[in-house]
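Visitor: Structure provided below as structure tokens; questions to follow.
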């Protein structure tokens, strides 16, 4: 039987992610700006000597098995695994769950701000955008092939996904950033556990596998992954700030309110004690 706190936790996470996708899908009215920003990313990568996405995408285009493998890594080894891992932590290692949850949610909030301020079109969208805004664009801009739509039958521009998808949210890449958080979480949760040597390779493989997947499938640039790394890791200090400063004050407010029983409705372990979760969890 689910407790009140379980139900509130599920509601908090569900609303947070729905809000994330809803807001992300509400900022799709600047296609030319997103195209110009994508050109800026390409120019920066060419200057750095790391603009390899066009060659990777062209190479995998004619190798359907590899392209489909990259699609599966991109699509399935991301959000579905985050949900499964979150459920495991919630019921299996509650003291670590709250920190990981808050790292995901705060990094997602940062990413939303960046998507709003600096929309960037993904490689697969550049051909159509160039036809509208830059007819003389070079072939390395217009030659990308959408492997997801061609081989997996799923496209971000599909009618069924438009309500919750911003096609110009390439930077930062939370596909990589959140897989990095997932990998860190798996390593942390398995540390000194009997199954550590099984989990450690998985935690390392997940973010590393996303790098070729997001680029070869023409969904992101390498610099998107770099930005995703920075944004994702920023989630940890923000999560610690919530744990050490915000949650204790929230609990104090509820204890002084006419309805102290509301503490029982706080999500996760934020209301279990005067301290927000055992301090030992930070040094595990």
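The values are calculated or read from the model by the stated rules, or taken from the named source; none is laboratory data. Just so it is clear, the model here is predicted, and its values are computed rather than measured. Cβ: placed from backbone, ideal geometry, glycine included. Neighbour counts: every protein chain shown.
Visitor: For residues that are assigned to a helix (DSSP H, G or I) and surrounded by fewer than 19 Cβ atoms within 10 Å (Cβ to Cβ), scanning just the range 89-109, find the one that is nearest to the chain's Cα centre (by Cα).
Guide: That would be 109.
Visitor: Among the residues of the range 254-264, what is the count of those that are in a helix (DSSP H, G or I), at pLDDT 65 or above and surrounded by 11 or more Cβ atoms within 10 Å (Cβ to Cβ)?
Guide: The total comes to 5.
Yes/no matrix, rows are residues, columns are (1) surrounded by fewer than 16 Cβ atoms within 10 Å (Cβ to Cβ); (2) touching a residue at least 40 places away in the same chain (Cβ under 8 Å); (3) over 25 Å from residue 115 (Cα atoms):
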| residue | (1), (2), (3) |
| --- | --- |
| 19 | yes, no, no |
| 29 | yes, no, no |
| 34 | no, yes, no |
| 48 | yes, no, no |
| 52 | yes, yes, no |
| 61 | no, yes, yes |
| 65 | yes, no, yes |
| 73 | no, yes, no |
| 76 | yes, no, no |
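Visitor: Here is a list: 136, 127. Which entry is in a loop (DSSP other than H, G, I, E, B), over 22 Å from the mean Cα position of the chain (by Cα) and either surrounded by fewer than 20 Cβ atoms within 10 Å (Cβ to Cβ) or at pLDDT 90 or above (or both)?
Guide: Only one candidate passes the filter, namely 136.
Visitor: Moving on to the next point. Take the residues in the range 31-45 that are touching a helix residue (DSSP H, G or I) at 6+ places or on another chain (Cβ under 9 Å) and farther than 20 Å from residue 225 by Cα, then tell me which one is modelled with the lowest pLDDT.
Guide: Checking each candidate, the answer is 31.
Visitor: I want to confirm something. Restricting to the range 46-74 and keeping residues that are under 15 Å from residue 213 (Cβ atoms) and part of a loop (DSSP other than H, G, I, E, B), which single residue is modelled with the lowest pLDDT?
Guide: 63
Visitor: Given the conditions (1) under 30 Å from residue 236 (Cα atoms); (2) touching a residue at least 12 places away in the same chain (Cβ under 8 Å), which single one is not true for residue 113?
Guide: (2)
Visitor: Any chance the range 174-188 includes a residue that's at pLDDT below 95 and under 22 Å from residue 128 (Cβ atoms)?
Guide: yes
Visitor: Okay, next question. Can you tell me how many residues within the range 166-214 are assigned to a loop (DSSP other than H, G, I, E, B) and more than 14 Å from residue 74 (Cα to Cα)?
Guide: Of the residues in the range 166-214, 10 are assigned to a loop (DSSP other than H, G, I, E, B) and more than 14 Å from residue 74 (Cα to Cα).
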